[in-house]
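The structure under discussion appears below in the form of structure tokens.
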């Protein structure tokens with residue numbers, strides 16, 4: 001059987017296990033004696049070992065087996081979790097992560113990082129790590145058997161069966177202990193019946209045992225025949241078999257048929273397995289994202305046709321019913337695409353830990369709203385931007401412990417990562433309690449680079465200075481480091497957010513800290529929009545950007561420094577006539593101004609007329625069509641016409 005067909009499932013499940021493993025290792029670093037944590041980490045390592053061995057990735061199997069040895073010793077208090085061991089486990093995680101990346105791209109786990117970590121395990125003192133406790137064979141079956149099982153043995157011996165106490169020890173270094181135990185059980189069950197095992201079959205399957213296990217076996221075969229059959233299995237170091245002899249005991253339970261008991265055990269086992277299988281079914285199912293995209297496209301087409309039918313007034317209640325069905329279907333598809341943002345946030349605790357050690361700072365990462373759900377496409381796109389923001393907060397924001405103590409702060413700095421819903425948007429905030437942004441440095445650098453002049457410095461508002469931080473190559477760092485300071489990152493963050501039809505703004509207070517607030521749409525496929533008209537063309541403006549709409553008269557439009565502006569609520573707002581921006585007729589009327597906000601800026605978009613709100617389906621545009629980058633996409637209206645969707649972020653930066 002070709003295992004390659006299972007490779008996508010293996011990669012998905014392994015990545016999920018690594019995400020959980022990363023968090024558990026961070027928790028273990030704080031609570032090194034927590035046995036529940038050690039048990040769960042051990043189970044994950046065991047799962048990864050079994051899956052990788054099955055798929056033939058021997059380096060991963062060997063590495064996770066070494067992890068199991070250490071974790072087992074930690075669980076049994078044979079060793080204590082010191083910093084070296086914790087770091088070795090983190091190194092193992094990194095190697096496994098890179099191994100999965102290698103498997104996904106090259107199809108194998110032959111990478112130097114994994115072999116280096118495997119070698120590190122060999123350098124650890126064998127007297128301290130990796131030694132297994134030996135189990136002394138049970139001298140009396142009464143020590144491990146209940147009276148009910150003893151009755152089965154008595155009945156079996158009465159019918160001429162042999163009953164053996166079999167002790168098996170696996171060879172040191174056996175990689176898949178559960179597989180070897182299974183093979184022993186299989187060989188024995190071909191020759192008789194196992195009525196008891198120590199540890200239990202469940203624990204053996206889960207590898208919750210050392211190298212030893214023991215079974216009580218009923219058979220017609222001789223002792224030597226049974227022993228030889230077990231020794232044929234590889235990696236079996238020792239087999240001891242002793243016949244069980246029962247003393248007369250008037251208090252024994254009534255005899256029970258061995259065959260009846262065995263059949264009953266088998267039926268119960270099968271029933272449990274069936275129930276377990278049924279319980280798993282229906283809980284989760286893996287769906288390829290491409291299939292979800294296809295389904296979303298079909299729903300989008302349905303929405304377009306619903307809008308078209310709504311314009312035909314004679315259809316009446318049929319249109320209303322279609323609207324209800326499409327709304328329900330649309331909401332369901334949206335929910336299928338939504339995943340907890342925890343999948344994204346879980347990447348960062350480890351990064352914060354490593355950077356804290358590298359920069360000799362004490363930093364605590366606090367995460368809130370990890371259960372907030374967001375479109376899978378958006379989550380995939382936001383990994384790098386959030387990484388840049390958190391690294392900047394740690395490097396530029398949080399002070400050293402000595403500096404914090406001088407200004408009356410705790411030695412430990414705090415970085416907060418927060419997500420929450422508000423309307424049809426999701427907000428992600430990255431906040432630190434560090435030194436805040438030094439606006440004087442920003443001004444100085446901006447003047448040096450010619451971004452602003454000294455003459456205009458007095459008229460520059462605080463929010464405009466924050467916007468300068470997002471310009472390519474801009475940095476206030478005095479020196480560059482491996483962490484930040486090269487001016488690469490903040491412009492990428494803004495670009496990525498705006499590509500997702502979102503916005504970003506900065507709030508900062510000197511000495512108290514900085515907060516970066518990102519607003520993103522819940523989904524990228526279907527949005528609420530405002531339809532506007534310029535000459536004979538219809539355009540869509542995302543409603544999430546729209547703040548208000550005001551009527552315009554030419555007399556209310558003023559000119560300041562060769563730029564048209566309007567007054568609204570005591571603020572001067574730049575006006576962009578959409579006909580001019582799109583190089584249409586310059587004498588087009590401008591009857592309304594749509595006040596939109598993006599990235600902390602307000603802009604007025606001058607249009608001829610308003611056609612109302614409508615739910616639209618976003619279709620991507622080819623770069624050749626969108627040469628001036630004024631649009632984020634296009635949509636098909638209910639009447640079959642195409643309308644372009646304006647990119648408000650581009651207008652704000654003209």
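Scanning the stretch 514-567 for residues that are within 20 Å of residue 582 (Cα to Cα), touching a helix residue (DSSP H, G or I) at 6+ places or on another chain (Cβ under 9 Å) and part of a loop (DSSP other than H, G, I, E, B) yields a count of 1.
Filter the stretch 417-448 down to the residues that are under 15 Å from residue 521 (Cα atoms) and surrounded by 22 or more Cβ atoms within 10 Å (Cβ to Cβ), then identify the one that is modelled with the lowest pLDDT.
Pass one, the stretch 417-448, residues under 15 Å from residue 521 (Cα atoms): 419-429.
Add one more test, that the residue is surrounded by 22 or more Cβ atoms within 10 Å (Cβ to Cβ), and what stays is 419, 426, 428.
Values: 419: 93, 426: 87, 428: 94.
Selected residue: 426.
Per the conditions (1) crowded, with 21+ Cβ neighbours inside 10 Å; (2) under 22 Å from the mean Cα position of the chain (by Cα), the sole criterion not satisfied by residue 105 is (1).
I need the helices (runs of 4 or more DSSP H) fully contained in the stretch 160-236, keeping only those with at least 1 residues that are over 25 Å from residue 72 (Cα atoms) and either touching a residue at least 12 places away in the same chain (Cβ under 8 Å) or not assigned by TED's automatic domain parsing to the domain that holds residue 68 (or both).
Values: elements: 177-189, 201-205, 223-231.
Answer list for the stretch 160-236: 177-189, 223-231.
Only one entry in 326, 319 is surrounded by 12 or more Cβ atoms within 10 Å (Cβ to Cβ), at pLDDT below 70, outside the structural domain of residue 200 (by TED's automatic domain parsing) and touching a helix residue (DSSP H, G or I) at 6+ places or on another chain (Cβ under 9 Å), namely 319. Reported count of residues in the stretch 437-469, each being assigned to a loop (DSSP other than H, G, I, E, B) and over 21 Å from residue 573 (Cβ atoms), is 9. For residues in the stretch 355-375 being within 12 Å of the chain's Cα centre (by Cα) and surrounded by fewer than 18 Cβ atoms within 10 Å (Cβ to Cβ), which is farthest from residue 395 (Cα to Cα)? The residue in question is 371.
The values are calculated or read from the model by the stated rules, or taken from the named source; none is laboratory data. Because the structure is predicted, anything quoted here is derived from the model rather than measured. Cβ sites come from the backbone with ideal geometry, for glycine too, and all protein chains shown count toward neighbours.
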